[in-house]
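Let me begin by presenting the structure, written as structure tokens, before commenting on it.
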Amino acid sequence: MSSEISALVEIIDASAGGKAYGLARLVAMGLAVPPAFVLRNASADEFPSGLDQSYLDLGKEQVAVRSSALGEDGGDASFAGQYDTVLNVRGAEQLRAAIARCVASASNQRARSYLQEQTDGDAVAMNIVVQAMVDARTAGVVFTADPVSARRDLLVIDAVQGLGEALVSGEATPDHYAVDRLGQIVERQLAGTEALLSDLEIAAITAQARAASDQEGHPLDLEWAIDRDGTLYWLQARPITTLPANLNEFDTLLPRPDDVLTISNVSEMMPGAVCPLTGSFTGWGIDYGLQHMQVIVGARPVIEKDWQITAWAFGHLFLNLTGNVVMSSAVLGSTVEQTGQALCGRIIPELKALPAQPLYRQVINTVKLLRYCLRAPGVVDQFGRELDTFKIEQQVNSKLMWAQLETKSAFFNHAMAVHIQSSALSGFLCTIVENMVSGRSNDSTSEEQGEAVRLLAGATGVESAVMLEELDALIDGIVTQSDAEQSFQKAEAGDAVAWLQGSAELEPAFTGFLHDHGHRGYRELCMRDPAWRDDPTPLIQSMQAAVHARLTTGGHRPMHTADIDWSSLSRGLRWVLPKAHDAIRRREHTKSQLVDVAHRFKCGFRQLGKVLQEEGALPDADLVNFLSVAELSKFVASPGPAAVKRALARREALHYQQQFEFPEISVGVPQPLQAHTVDSTDGVLHGRPASRGVVEGVVRVAHTLAEAAALQAGEILITPITDIGWTPYFSLIGGLVTDLGSSVSHGAVIAREYGLPCVVNTREGTRYFISGDRVRLDGDKGTVERL
């Protein structure tokens, strides 16, 4: 096929190659593109008769000659750097040589290997773009989505002095800018002492690049240049080929744009990002339970189908504090300060009151709230009887399995509502205890908070503590075995389990522990993460660390409950404290019941994925977790490759979402934290005292259970938050510090059971300290000091 010349305006599809088509699209949008023409089906030794005249018509002596092969700069592969580009070409002779060079590059080994890897295809036809050179003052690239973090709300610009080829080749270090959806420059890294781009130029690049991306319907990678006169030109546009699914695909709409959100509380049971199934099932279940409480009390008329009290952003779940303040506006004596204390362990200055209901309504609602709390014991007893008869039958047909899950899903929402009612009574009584200790309402000092925590820690028979006692007894039994070090502590997790199951002395205790507590585990309400009963590996690894510590030190920190001198307490405290202890026991019991219900659904969804894989609808069973509840209903009825492709992209996206960290408090839609240096010059970090005592020791910063496996006996654990999956490490550590949480968080409760000094809600402990630091942890004052 002979070569022919086309103007950019004549190109209407990708038959001239991705690069040519991208430029044609930019021209059609009205953006400034340097004059160019396209040589279709270019040859190294035969040139069309109009080549010289087309070159002259560009009006510039210097031109750039670029490849535009079929498939290049397309949606599947970029081919970046695989084919040659020749710059500063002058005259007809150099033009022909540059064309020949670009055509020949299609046959080089590098390009052939890339083509085979990316497309499994053979050699393709080569088209050539000949474009007038821009006398660039500054040039660079702009990505309308951050290709590193995969955030589509961030646009990133890299700029170098002169031609952009120095950037592409890596010869020059660029200025780097990041711009958010509102047009704010949120990151500015300069290679030199002065910025290469003004804020106005950044705004122009941002606006035009986003307009092009919106027009194309997907994120773009564009090359640009600003000439000596300050004119912005666009040199290339192609899809970003390395992005996973949209990280904000499932973001929920806030009821009010300035709602105050927190990662505290909800992240205790669901730290990190969650898969679409978990978000749409568990996340909505939490929102339902909280709305249910507000409807019963009279704070809201009905349960809204849109999320009101929780939120989902960047794959992470948040608690909407403003949605909780709806309760404060509906009853007497409840304030935004109390809401902050109850949910975050401190007063939240950003949280504002909502318009109050009429006084007569507040009086009625307050009576309803007291009745709601006081009825919790009876509701919990009734739910226990319901749970005894609840089951999800395993089916071998996907439609029947889905029917089981769909028709019984309301029971999970019911379980959530029961736990929230139980927690409401516990929170109500614990607040009364703290206020009675201080003699003031929601204005206690750190010492008074510590005293209240000590009194509340006197509760016995708490289910989480009972579990710890059983686990400690099991570990004590392991340590007494002569071959414990080789057969358990140093063994692979699977071999360690087999050793336990083969021991006549230890097997009953291990089997009994999994029977009673096997539904617990890390990220307990996640539909994807296995419970201990399903995969005991995380449990075994933490037990191995505890055994190692006991073999090394000859002992361990025993569980300890503070003695209470009841005679020294006021009459009011002697009356209310036992009731608060009962409420704490009940709350922990309903939490275990809720996790039990979640585990039953988890097993059901896992069976659904297995059956869908066996039926050929899914390539692997895990993908069931990357379809929402609403999507699953449609997918089971009519499976298709488009849904599978989306699920695969979402699974890849989850890896990116897991990297994000968020501030404790966000106003409006939460934004991931940018990397920053924490000021630690004074060496003291302040939080909320959660378990009394003072200890000095070496820090171990651990964000995950995998990192926690490196804990050594007596180290002070600093972590964002803990859940039940961290529990076995508490007999090993010397103290606990968390970024989030309150005095009733999991870590605080278990720390008190062991008599471990604990400070919660430090907000930046995991950034402030590094593993190896030596600190003094003061659980009485709520401080952590670097020594």
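The values are calculated or read from the model by the stated rules, or taken from the named source; none is laboratory data. Bear in mind that the values here come from a model prediction, so they are computed numbers and not experimental data. Neighbour counts are summed over all protein chains in view; Cβ atoms, including those assigned to glycine, are modelled from backbone coordinates with ideal geometry. The accessibility values were calculated without ligands, DNA or RNA, using every heavy atom of the protein model including side chains. Shrake-Rupley method; radii C 1.70, N 1.55, O 1.52, S 1.80 Å.
To the nearest 10, the accessible area of residue 579 is 90 Å² with a 1.4 Å probe. Nearest 10 degrees, 0 to 90: what angle lies between the long axis of helix 91-105 and the longest principal axis of the chain (Cα atoms)? Tilt relative to the chain: about 50 degrees.
I'd like the projected area of region 196-237, averaged over all directions, using the convex hull of its alpha carbons. Report it in nm² with one decimal.
Numbers: hull surface 12.0 nm².
In nm², the orientation-averaged hull projection of region 196-237 is 3.0.
If you roll a 1.4 Å probe over the heavy atoms of the protein chains, what accessible area per residue do you get for region 483-575, in Å²?
Working: 4650 Å² over 93 residues.
For region 483-575, the per-residue accessible area is 50 Å².
When the surface is traced with a 1.4 Å probe over the full set of protein chains, residue 763 keeps roughly 110 Å² accessible.
Among 619-626, 541-548, 717-724, what's the highest-first ranking by average C-beta atoms within 10 angstrom per residue? Write down the numbers at each step before the final one.
On the way: 619-626: 19.9, 541-548: 22.2, 717-724: 25.1.
Per-residue mean Cβ counts within 10 Å order the peptides as 717-724, 541-548, 619-626.
Within region 454-540, the GluC sites (Glu not before Pro) that combine a DSSP coil assignment with at most 14 other C-beta atoms in a 10 angstrom radius are 492, 505. Against the longest principal axis of the chain, how steep is helix 463-479, in degrees 0 to 90 to the nearest 10, with axes from Cα atoms? Between helix and principal axis, roughly 90 degrees.
For region 435-551, what is Rg from Cα atoms divided by 2.2 N^0.38 Å, rounded to two decimals? Please list the in-between numbers first.
Values: Rg = 18.9 Å, N = 117, 2.2 N^0.38 = 13.4 Å.
Its radius of gyration relative to the 2.2 N^0.38 Å reference: 1.40.
With all protein chains in place and ligands, DNA and RNA left out, the 1.4 Å accessible area ranks 134, 396, 433 as 396, 134, 433, largest first. In the assembled protein chains, residue 312 presents an accessible area of approximately 10 Å² (probe radius 1.4 Å).
All C-alpha pair distances within the chain, sorted into 20 Å bins from zero, spread as 14, 39, 30, 15, 2, 0 percent across the bins.
Once Rh is set to the Kirkwood radius over Cα pairs, what Stokes-Einstein translational diffusion coefficient, in µm²/s, holds for region 149-268 at a temperature of 20 °C and a viscosity of 1.002 mPa s?
Details: Rh = 16.5 Å.
Rounded to a whole number, D works out at 130 µm²/s.
So between residue 493 and residue 658, what do we pick up on full extension, going 0.36 nm a residue minus the alpha carbon distance? Mind showing how you got there, number by number?
Working: separation 165, 0.36 × 165 = 59.40 nm, distance 2.52 nm.
Working it through step by step, the gained length comes to 56.9 nm.
DSSP finds beta bridges in the chain, and of those with both partners inside it, around 90 percent are antiparallel. Compared with the dominant principal axis of the Cα atoms in the chain, helix 446-456 is inclined by about 60°. Each residue, residue 568 and residue 370, gets one label point 7 Å from its Cα in the Cβ direction; the gap between the two is 3.3 nm.
Where the accessible area of the chain is counted over protein heavy atoms with a 1.4 Å probe, how much of it, in %, is carbon and sulfur? Here carbon and sulfur together make up 52 percent of the probe-accessible area. Just going by the charge dipole of the chain, with Lys and Arg at +1 and Asp and Glu at -1 on Cβ, which of 299, 370, 684 is farthest out on the positive end? Farthest towards the positive end: 370. Our estimate of slack between residue 295 and residue 215, defined as 0.36 nm per intervening residue step minus the Cα-Cα distance, is 24.4 nm.
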